[in-house]
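The values are calculated or read from the model by the stated rules, or taken from the named source; none is laboratory data. Here the structure is a predicted model, which means the values were calculated and not measured. Every residue, glycine among them, receives a Cβ derived from its backbone with ideal geometry; neighbour counts consider all protein chains shown. What goes into the accessible areas is simple: the full protein's heavy atoms, side chains included, and nothing from ligands, DNA or RNA. Shrake-Rupley method; radii C 1.70, N 1.55, O 1.52, S 1.80 Å.
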Amino acid sequence: MGTIIPSWRQLDEGYMRLTQQQREEIKRLVLPLLDDLERFALSLCHREDLAEELVAATIASACESFGRLRDTTKAKQWLFRILSNKFLSDCRRQSRHKEIALTDSLEDDNNQFSLFAAVSQPFLLWWGNPERELISHLLDEDIQNALDSLPGDFRVAVALCDVEGLTYEQIASILKIPLGTVRSRIARGRSLLQKKLWHHARDMGLVKTKEPHQ
Amino acid sequence: MKTINKKTVKTISCDQAIKLVFSYIDDEIRGTHRAELEHHLETCRHCFDRVAFEKLLKSRLRRLNVGGSSKRLRQRIDTLLEQF
Ligand SMILES: [Zn+2]
């Protein structure tokens, strides 16, 4: 994340331009969702200061386009969409993840890396449960780092599904993408995340297996 | 009430079961597919363990950042929105 994210001043100015009634409405809609927005932002950009900037930028945008929100019962979905779009456009601006658009179109979802497959040892049952043991050795920070390593589109999909606990349909609606694409991004995102965790576990000496096939 | 008879549930392979695991842990499959997978899980230890593993990892992600945020953002937003 760079320093391109709109500042608090934009939020200040955006809010100032609203009528008193709109301000009250924004407060009523946004304040109860602030914790959700911050958690989502944190799961995407990890650093607290960046997450705060992202939330501020989201609310600034919400103030600007407030007139376009028809159904206020969908405020959460609307705010999550703004936040996702802000995050993704920032990712693209940094152009670190040019490959995203390409990988979406590949259909090979079945042949992906699985941490379970790499670690479990079905023929050595008396060893207990190495894959569960591995998970218990991983810190929240390890898991967050793995999430951070994902290309933006996959990170958003996995965060909405796993961190926020939203349904595929809700995610499709937030990101304005088909259900099949949601499914595929979650599967690919998890696969990449698990591969990252596997490499970390290997570096930490938590697993003794050889390089996985994929 | 319509129930799915065990005898009519199709037997699926491990490969077919694995394809359904993510949808299953996300509670995104219903009806026949769900019944087929659950039937498979009753008889296949490997796939059962896989499901348990994916659920466990998902629960670790769910836990991220819960209650971990600072009060700073709320204070800044509150101050900003209340000044008008
Ligand atoms: Zn099986």
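In the set (1) modelled with pLDDT of 95 or more; (2) within 14 Å of another protein chain (Cβ to nearest Cβ), A:Q144 fails one condition alone, (1).
In the condition set (1) buried (at least 18 other Cβ atoms within 10 Å of the Cβ); (2) among the small types (G, A, S); (3) modelled with pLDDT of 95 or more, B:S13 is compliant with all but (1). State which residue is nearest to B:F22 (Cα to Cα) when the search covers only region A:167-176 and only residues that are more than 12 Å from chain B (Cβ to nearest Cβ) and open to solvent by 30 Å² or more (accessible area, probe 1.4 Å). Within region A:167-176, the match that is nearest to B:F22 (Cα to Cα) is A:S173.
Evaluate region A:197-204: report whether one residue or more is within 12 Å of another protein chain (Cβ to nearest Cβ), over 23 Å from A:E133 (Cα atoms) and buried (at least 20 other Cβ atoms within 10 Å of the Cβ). Within region A:197-204, none of the residues are within 12 Å of another protein chain (Cβ to nearest Cβ), over 23 Å from A:E133 (Cα atoms) and buried (at least 20 other Cβ atoms within 10 Å of the Cβ). Among the residues of region B:61-79, those identified as in a helix (DSSP H, G or I) and open to solvent by 20 Å² or more (accessible area, probe 1.4 Å) are B:R62, B:R72, B:R74, B:Q75, B:R76, B:D78, B:T79.
If I ask for residues that are within 15 Å of the ligand (Cβ to nearest atom) and more than 9 Å from chain A (Cβ to nearest Cβ), which ones from region B:36-62 would you list?
Passing the criteria: B:E36, B:L37, B:E38, B:H39, B:H40, B:L41, B:E42, B:T43, B:C44, B:C47, B:F48, B:V51.
Tally up the residues in region A:181-196 that are surrounded by 22 or more Cβ atoms within 10 Å (Cβ to Cβ) and more than 10 Å from chain B (Cβ to nearest Cβ), please. Total meeting the criteria: 3. Of the residues making up region A:33-92, those that are open to solvent by 30 Å² or more (accessible area, probe 1.4 Å), within 30 Å of A:E141 (Cα to Cα) and out of contact with any helix residue (DSSP H, G or I) (no Cβ under 6 Å at 6 or more places or on another chain) are A:D35, A:D36, A:R39, A:R47, A:E48, A:D49, A:E53, A:W78, A:N85, A:S89, A:R92.
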